[in-house]
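See structure below.
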């Protein structure tokens, strides 16, 4: 229950423009690959491209691996949060990424700290999981998707 409360509270901070209507139903099914393709050219002429925080859900395979978020992505998350006048707590909420596979492509995705022990406990390696994501934008050619919740399948 505390996981759900923390996730919802963070969503309201992450997506203030959608806060009035925020809810998991706002995360429409969409693949990560399609979101990447739909926004592939958005940042060709700049180092950073921020979106308003596009929510979607995608079913992927959880590969059971985590790593620290790369420094450049942490800087991006901080700048993205500042560009939307969000609390600095957003940056502190993301320290690690999880490795997932969608079709034949693997992705490292920043995930809220509060979710890590739960996903490790509830989702077995190579199992299918639905992730609730926000497409935050891109650093050069690296698109950033933030994991806000998951649903074990």
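Give the residue, chosen from 149, 102, 122, that is under 18 Å from residue 29 (Cα atoms), more than 12 Å from the chain's Cα centre (by Cα) and surrounded by 14 or more Cβ atoms within 10 Å (Cβ to Cβ).
The conditions single out 102.
Restricting attention to region 110-141, which residues are free of Cβ contacts under 8 Å to residues at least 60 places away in the same chain and either under 17 Å from residue 33 (Cα atoms) or in a helix (DSSP H, G or I) (or both)? Spell out how you get there, then give the answer.
The first filter runs over region 110-141 and keeps only residues free of Cβ contacts under 8 Å to residues at least 60 places away in the same chain, leaving 110-111, 113, 116-117, 119-122.
Residues satisfying the conditions are 110, 113, 116, 117, 119, 120, 121, 122.
Values in this text are rule-based calculations from the coordinates and carry no lab data. Just so it is clear, the structure is predicted and the values come from calculations on it, not from any experiment. With ideal geometry, Cβ positions are generated from the backbone for all residues, glycine too; neighbour counts draw on all protein chains shown.
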